[in-house]
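Asker: What follows is a structure written as structure tokens; I'll ask about it next.
The values are calculated or read from the model by the stated rules, or taken from the named source; none is laboratory data. For clarity, every value in this text was computed on a predicted model and none was experimentally measured. Neighbour counts are summed over all protein chains in view; Cβ atoms, including those assigned to glycine, are modelled from backbone coordinates with ideal geometry. For accessibility, only protein heavy atoms count, side chains too; no ligands or nucleic acids. Shrake-Rupley method; radii C 1.70, N 1.55, O 1.52, S 1.80 Å.
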Amino acid sequence: TPVLTFRDVHARYAPGAPRALNGVDLDIARRGHTAVVGPSGAGKTTLFSLVLRFLEPESGTVALDGVPLDRYALADLRERVVYVEQDTPLVAGTLRQNLLYTHPHVDEEALWAVLRDVRLDERVRALENGLDTPLDGTVISGGERQRIALARALVGEPEILLLDEATAQLDGVTEAAIHDAIVRVASRGAVITIAHRLSTVVEADRIIVMEDGLRRATGTHDELLVTD
Ligand code: ADP
Ligand code: ADP
């Protein structure tokens, strides 16, 4: 059974505002990587907003394990579904505090494992204070920030990882680290990316094409090429 289901979902951000979703039906498999593509304004981010319950559907149902999202406690939902946005803010404090922000009891070994996952382990080892390095005053590139945010998400071993890929040019190490993390999380859970980069679309298990608030097509990269 799918982990997430959208059934005839309509959504708008304010009464009288144009609809952001116009009756979306889709299923997300329990494991694997689904990429969501489509033009600006198509409703891609709105899918995430609904899953995170930043926005409630106007009509229709979004369900996790077949249970409508509004029947879950928000805290439980936040444990199972994690969102890493393009510019996820880091908190003031040390690298360790950032990594432990949502899961304070994770041990040292697990922290180094996620640092390795996002290819930051060598960089952190080279810092004089290691994990206890304050982020303020330390020179951290945009790509490193993004990998720290991703590492923080991986610490909690989310069942569903929502990733809004940066449109900005990423350095090669960051792109490779994000790719590796997607593959790893997708082997035991669901990863949904709003995809801007062709590389992740090609490698996704499934691509959802959104347009005008509707799911226009679903398939693998090759299947969608045939449809075109
Ligand atoms: P249609 O031709 O009606 O658009 P599709 O062939 O795209 O239908 O999809 C067929 C079925 O696959 C639908 O019932 C839909 O709910 C389901 N589906 C859509 N997206 C996904 C997904 N990401 N994972 C699994 N099933 C999906
Ligand atoms: P995409 O992610 O595909 O670019 P969005 O889901 O962000 O599309 O947008 C779908 C529609 O909802 C657009 O018409 C957009 O203007 C509108 N919209 C998105 N976010 C908001 C918001 N926070 N407040 C009001 N309208 C919004």
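Asker: I'm checking my understanding of the structure. Among residues of segment 198-217 that are surrounded by fewer than 18 Cβ atoms within 10 Å (Cβ to Cβ) and part of a loop (DSSP other than H, G, I, E, B), which one is nearest to ligand 2 (Cβ to nearest atom)?
Answerer: Only one residue tops the list, namely D212.
Asker: Mind listing just one residue for me: the one in segment 144-175 that is more than 16 Å from the chain's Cα centre (by Cα) and either of a type in the set (G, A, S) or within 20 Å of V51 (Cβ to Cβ) (or both) and, of those, modelled with the lowest pLDDT?
Answerer: Filtering segment 144-175 for residues more than 16 Å from the chain's Cα centre (by Cα) gives 144, 168-173.
Subsequent filtering for residues that are either of a type in the set (G, A, S) or within 20 Å of V51 (Cβ to Cβ) (or both) retains 168, 172.
Working: A168: 61, G172: 88.
Step by step, filter segment 144-175, then rank; the result is A168.
Asker: Could you tell me which residue of segment 194-228 is nearest to ligand 1 (Cβ to nearest atom), considering only residues that are touching a residue at least 24 places away in the same chain (Cβ under 8 Å) and among the acidic types (D, E)?
Answerer: Step one: list which residues in segment 194-228 are touching a residue at least 24 places away in the same chain (Cβ under 8 Å), which gives 194-197, 199-201, 203-216, 218.
Of the ones still in play, those that are also among the acidic types (D, E) are 203, 205, 211-212.
Values: E203: 15, D205: 8, E211: 12, D212: 14 Å.
By that ranking, first place goes to D205.
Asker: Another one. Scanning segment 31-50 for residues that are of a type outside the set (A, V, I, L, M, F, W, C) and touching a strand residue (DSSP E or B) at 6+ places or on another chain (Cβ under 6 Å), which turns out farthest from ligand 1 (Cβ to nearest atom)? Steps first, answer last, please.
Answerer: Keep residues of segment 31-50 that are of a type outside the set (A, V, I, L, M, F, W, C), which gives 31-34, 38-41, 43-46, 49.
Imposing the further condition that a residue be touching a strand residue (DSSP E or B) at 6+ places or on another chain (Cβ under 6 Å) reduces the set to 33-34, 38, 43-44, 46.
On the way: H33: 10, T34: 5, G38: 14, G43: 14, K44: 13, T46: 16 Å.
This residue is T46.
Asker: Against the condition in a helix (DSSP H, G or I) and either closer than 27 Å to Q146 by Cβ or β-branched (V, I, T) (or both), how does F54 come out, does it pass?
Answerer: Numbers: in a helix (DSSP H, G or I): no; either closer than 27 Å to Q146 by Cβ or β-branched (V, I, T) (or both): yes.
No, not satisfied.
Asker: Mind listing just one residue for me: the one in segment 120-141 that is charged (D, E, K, R) and under 26 Å from the mean Cα position of the chain (by Cα) and, of those, least open to solvent (accessible area, probe 1.4 Å)?
Answerer: Here is the first cut: in segment 120-141, the residues charged (D, E, K, R) are 121-123, 125, 128, 132, 136.
Restricting the remaining residues to those that are under 26 Å from the mean Cα position of the chain (by Cα) gives 121-123, 136.
Values: D121: 23, E122: 143, R123: 82, D136: 110 Å².
Residue satisfying both the conditions and the ranking: D121.
Asker: Select, from A177, A190, the only residue that is crowded, with 22+ Cβ neighbours inside 10 Å, among the aliphatic types (A, V, I, L, M) and under 18 Å from V36 (Cα atoms). Give the derivation first.
Answerer: Numbers: A177 fails: under 18 Å from V36 (Cα atoms).
That would be A190, the only listed residue that is crowded, with 22+ Cβ neighbours inside 10 Å, among the aliphatic types (A, V, I, L, M) and under 18 Å from V36 (Cα atoms).
Asker: Name the pairs: first residue in segment 59-70 and without any contact (Cβ under 8 Å) to a residue 60 or more places away in the chain, second residue among the aromatic types (F, W, Y), Cβ to Cβ under 6 Å, at least 6 apart or on different chains?
Answerer: Correct list of pairs: V62/F6.
Asker: Which residue out of V106, V84 is surrounded by fewer than 18 Cβ atoms within 10 Å (Cβ to Cβ) and among the β-branched types (V, I, T)? Before the answer, list the steps.
Answerer: Numbers: V84 fails: surrounded by fewer than 18 Cβ atoms within 10 Å (Cβ to Cβ).
Exactly one of V106, V84 is surrounded by fewer than 18 Cβ atoms within 10 Å (Cβ to Cβ) and among the β-branched types (V, I, T), namely V106.
Asker: Among the residues that make up segment 27-44, is at least one of them polar (S, T, N, Q) and within 16 Å of ligand 2 (Cβ to nearest atom)?
Answerer: Taking segment 27-44 and keeping what is polar (S, T, N, Q), we get 34, 40.
Checking which are within 16 Å of ligand 2 (Cβ to nearest atom) leaves us with 34, 40.
Yes: segment 27-44 contains one or more residues that are polar (S, T, N, Q) and within 16 Å of ligand 2 (Cβ to nearest atom).
Asker: Checking F54 against (1) touching a residue at least 12 places away in the same chain (Cβ under 8 Å); (2) within 16 Å of ligand 2 (Cβ to nearest atom); (3) within 18 Å of L162 (Cα to Cα), only one condition comes out false. Which one?
Answerer: Status for F54: all satisfied but (1).
Asker: Are there any pairs with C-beta distances below 8 angstrom linking a residue in segment 26-51 that is in contact (Cβ under 8 Å) with a residue 12 or more places away in the chain and within 11 Å of G189 (Cα to Cα) to a residue that is more than 10 Å from ligand 1 (Cβ to nearest atom) and among the acidic types (D, E), with the two at least 6 apart or on different chains, and if so which?
Answerer: Cβ pairs passing all conditions: H33/E203.
Asker: Next up: Determine which member of the set V183, V173, V124, V139 is under 22 Å from N98 (Cα atoms), more than 15 Å from ligand 1 (Cβ to nearest atom) and touching a residue at least 40 places away in the same chain (Cβ under 8 Å). Quick ask: steps written out before the conclusion?
Answerer: Numbers: V183 fails: under 22 Å from N98 (Cα atoms); V124 fails: touching a residue at least 40 places away in the same chain (Cβ under 8 Å); V139 fails: touching a residue at least 40 places away in the same chain (Cβ under 8 Å).
After ruling out the rest, the residue left standing is V173.
Asker: I would also like to ask the following. I need a count of the residues in segment 1-54 that are open to solvent by 20 Å² or more (accessible area, probe 1.4 Å), of a type in the set (A, V, I, L, M) and within 19 Å of the chain's Cα centre (by Cα).
Answerer: Residues in segment 1-54 being open to solvent by 20 Å² or more (accessible area, probe 1.4 Å), of a type in the set (A, V, I, L, M) and within 19 Å of the chain's Cα centre (by Cα): 2 in total.
Asker: Condition check: touching an Asp or Glu at 6+ places or on another chain (Cβ under 8 Å) and open to solvent by less than 40 Å² (accessible area, probe 1.4 Å). Does A153 satisfy that?
Answerer: Numbers: touching an Asp or Glu at 6+ places or on another chain (Cβ under 8 Å): no; open to solvent by less than 40 Å² (accessible area, probe 1.4 Å): yes.
Taking the combined requirement at face value, the residue does not satisfy it.
Asker: Further question on the same structure: Applying the selection to segment 57-101, what residues are among the aliphatic types (A, V, I, L, M), part of a strand (DSSP E or B) and more than 16 Å from ligand 2 (Cβ to nearest atom)?
Answerer: Keep residues of segment 57-101 that are among the aliphatic types (A, V, I, L, M), which gives 62-64, 67, 69, 73-75, 77, 81-82, 84, 90-92, 95, 99-100.
From what's left, part of a strand (DSSP E or B): 62-64, 67, 81-82, 84.
A63, L64, V67, V81, V82 - these are the residues of segment 57-101 that are among the aliphatic types (A, V, I, L, M), part of a strand (DSSP E or B) and more than 16 Å from ligand 2 (Cβ to nearest atom).
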